[in-house]
Every structure is written in structure tokens, then in C-alpha cells.
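See structure below.
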Amino acid sequence: MNLLNALRKLYPFAGKADITRPVYVFANRRNAGDLLSAKGVKLAVGVKGTDYIIEGNSPQQFLKSFVGKNVRLIIGGGGLFMDTFSPFWEATISSGIKYVLFGVGVCDIRGKKSLPPDSLLRSIVLCAEKIWVRDSRSVTLIENICGIKPSSVICPSVYYVHQKYPAPLKRNEGSRPRVLYVHHRKLVRTANRGEDFVKNIVQEVCSLDGFDFSETDNICRDPDRLLEKYIRSDIIVSTRLHGCVFSYALNKPFIAISADNKIDSFIDDYCNAVVVEMKNLSPDILNKLVGQRLSILPRKETFPSYLEGIKNAGELIKRLFINE
């Protein structure tokens, strides 16, 4: 009996023809925020499965391929509560396939309609077997619309990045400070600014203070090389949520430039960092903040508990696959 139990731990699907298999669902492989969030989900759950990328694929065709098969979707990472993804959600709900939500969140751009209809969000939540969202804003929205308060965990990409780079990363000494600007041009335009509005201000501050400037949009083929950019930087200025998230995971000082409520929620929930409303940004304000924040690390003392929350949620999801 002990041998049988040991084999089942090594091969949880062996001898269980009716057990469900995981399919890890996320939005985009080239967007490092989506990809590393998915990697964090898979690391926390710890059960091998296949991937499904939402963008660029037909959800109807994808779901049809699983008719008659025992699968369970683990939908995780990224701002998937967004109107852009409504066709995927509608097809998933109609299919009747089991699914859990792990580390998803709202994408709530100020001044722009970006959320799915209330009726669809209600269906998404109520049809899920289990749900963990990534911030308090997502919790509040779901509670107001669905009448239930979901559990929350920090973005799963934090779990993955911290596992890869567990040691605190201190600023470079004896060299010119390096500023990394993480941009999201479309988001800057939604604030009625030119797409290079923030970039020009960051470059002006770097010129004034003698800092080196570099930039990224987090769209890449090699996320490890991307993370090296963060590691080599002394402070990050980001208009992207995951520019803030990666900086936080690496314990790098950062300044968030916000036109999206999900950025504000991440900072409020987890960080020792500052947010500047994009429409209020100026060279003087940014210059002052860079000087103030250069030596202030963004993690709170509660950081270990956030990692533990991800780990515990992953264990609960894992049981869905090994206890049937």
C-alpha cells in the first residue's frame, strides 16, 4: 500500500482515467506580465499541463477540442476581467468546462470603458469552482456585482520572479544611477497625452541628474533578459502595472505613473511606493521623487505572507487534480 501511495504521488494521473488534467490559460506569451504570471501560477500549482493562449486563437475551436475529455482550466494572471476578453469568457461559460481563477484582476482604465458587462462578470465568477483575484479593487468590484467576496492573492508573477531571484537586489554603487522607463504608449494616450509624454519627462530628469536612461515595454521573447534590465537599474519609472510588479518582486525602488486603477490598487495593497497621476506629472515632480525614492525599497514587512498566500492557493488548486 505504501508503494502504491508513493507511485500515486509521483504519477498522480496513473490508474485514474477519470481524473481531470490541467490546462493553463493566459492572455499572451510575448507580454512578460502575462507570461510570468502564468509561470507563477504553474509554479504554485505544481501539476504539469498544457498551455492555451487566448489572444490570436479561437476560443470556440479551443474548447471544442476538449469535448469528451477530462480537463480543468486554470485561468490565471493578467487583467482578464476586461471587455477585450468577453468572447473567451462567453465561450468558456457556454462550454460547461470546469475552471478556476487564480490571480486574475480587473483592467479598469480611467476615462475609458474597459470592464466586461456586469452580467458577464457575474457569470464568470459564479461559474468558477474557486477564485482568487489579485487586488482589492477586483475584490470590491466582484463583491458589489456578484454579492460574494472572493479571496485575493498578490500577482502570481511576484511568486515566480522571487523564486528565480530570491536575494534582495541592492542599487549599484560607484556608477551612474540607471533609470529604467517601462512604457505603455496606448495607456499614455488614454490620458490625453502624446505617447512620448512620460518618456520625454523621464529623459529630461535623467539629463538633469546625470542618470543613464533605458526603456522597455515588457513585450519580449526572452523574459529572463528583460528581468536583467530591471536588475541592472537603480530605479524604475513605470506606466505599466507589471513594470511596478517586477520592480516590487525584485525589491527595486520604483515610481508608478498611473492612468489605470489597477496600478493604484497594487500600490495601495502591497507596496511602499508612490503613485503619480499621469495628468499631474511634470519634470519637477518626477525629479523630486527620483531623489527621494532612490534608496527606498518597495516591499513591506508583510511580503513573506503574500508569498505564502500564493503557495497556499496553489496547493488548494493542486488538490483538485490529485484527490479525485
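The values are calculated or read from the model by the stated rules, or taken from the named source; none is laboratory data. Note that the coordinates shown come from a computational prediction; the quantities given were computed from them, not determined experimentally. When we count neighbours, we look across all protein chains shown, and the Cβ atoms used for this are built from the backbone with ideal geometry, even at glycine.
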For residues that are surrounded by 15 or more Cβ atoms within 10 Å (Cβ to Cβ) and aliphatic (A, V, I, L, M), scanning just region 193-213, find the one that is nearest to LYS112 (Cα to Cα).
-> VAL198
Among the residues of region 64-98, count how many are at pLDDT below 85 and under 25 Å from SER114 (Cα atoms).
-> 1
Subset tally (residues that are assigned to a helix (DSSP H, G or I) and closer than 16 Å to LYS98 by Cβ) for region 108-136 = 5
Filter region 277-321 for residues that are β-branched (Val, Ile, Thr) and under 30 Å from GLU129 (Cα atoms); which is surrounded by the fewest Cβ atoms within 10 Å (Cβ to Cβ)?
-> THR302
Just a yes or no: is a residue in region 58-70 assigned to a helix (DSSP H, G or I), β-branched (Val, Ile, Thr) and more than 18 Å from LEU241 (Cα to Cα)?
-> no
So which residues in region 264-288 are without any contact (Cβ under 8 Å) to a residue 40 or more places away in the chain, of a type in the set (A, V, I, L, M, F, W, C) and part of a loop (DSSP other than H, G, I, E, B)?
-> ALA273
Only one of THR190, THR216 is among the β-branched types (Val, Ile, Thr), at pLDDT 95 or above, surrounded by fewer than 22 Cβ atoms within 10 Å (Cβ to Cβ) and assigned by TED's automatic domain parsing to the domain that holds MET278; which?
-> THR216
Which is part of a strand (DSSP E or B), in contact with a Leu (Cβ under 8 Å, 6 or more places away or on another chain) and hydrophobic (A, V, I, L, M, F, W, C), of VAL158, VAL100?
-> VAL100
Residue that is surrounded by the fewest Cβ atoms within 10 Å (Cβ to Cβ), among those in region 255-273 that are within 16 Å of HIS162 (Cβ to Cβ) and out of contact with any Pro (no Cβ under 6 Å at 6 or more places or on another chain) | TYR270
Of the residues in region 198-217, how many are touching a residue at least 60 places away in the same chain (Cβ under 8 Å) and out of contact with any strand residue (DSSP E or B) (no Cβ under 6 Å at 6 or more places or on another chain)?
-> 5
What about ILE310, is it at pLDDT 95 or above and touching a strand residue (DSSP E or B) at 6+ places or on another chain (Cβ under 6 Å)?
-> no
Residues located in region 236-275, provided they are of a type in the set (Phe, Trp, Tyr) and either closer than 24 Å to SER151 by Cβ or in contact with a Leu (Cβ under 7 Å, 6 or more places away or on another chain) (or both) | PHE246, TYR248, PHE266, TYR270
For region 106-148, how many residues meet the condition of being free of Cβ contacts under 8 Å to residues at least 60 places away in the same chain, of a type in the set (A, V, I, L, M) and touching a strand residue (DSSP E or B) at 6+ places or on another chain (Cβ under 8 Å)?
-> 9
Within region 57-87, residues free of Cβ contacts under 8 Å to residues at least 40 places away in the same chain and either touching a Cys at 6+ places or on another chain (Cβ under 9 Å) or surrounded by 17 or more Cβ atoms within 10 Å (Cβ to Cβ) (or both) come out as PRO59, PHE62, LEU63, MET82, ASP83, THR84
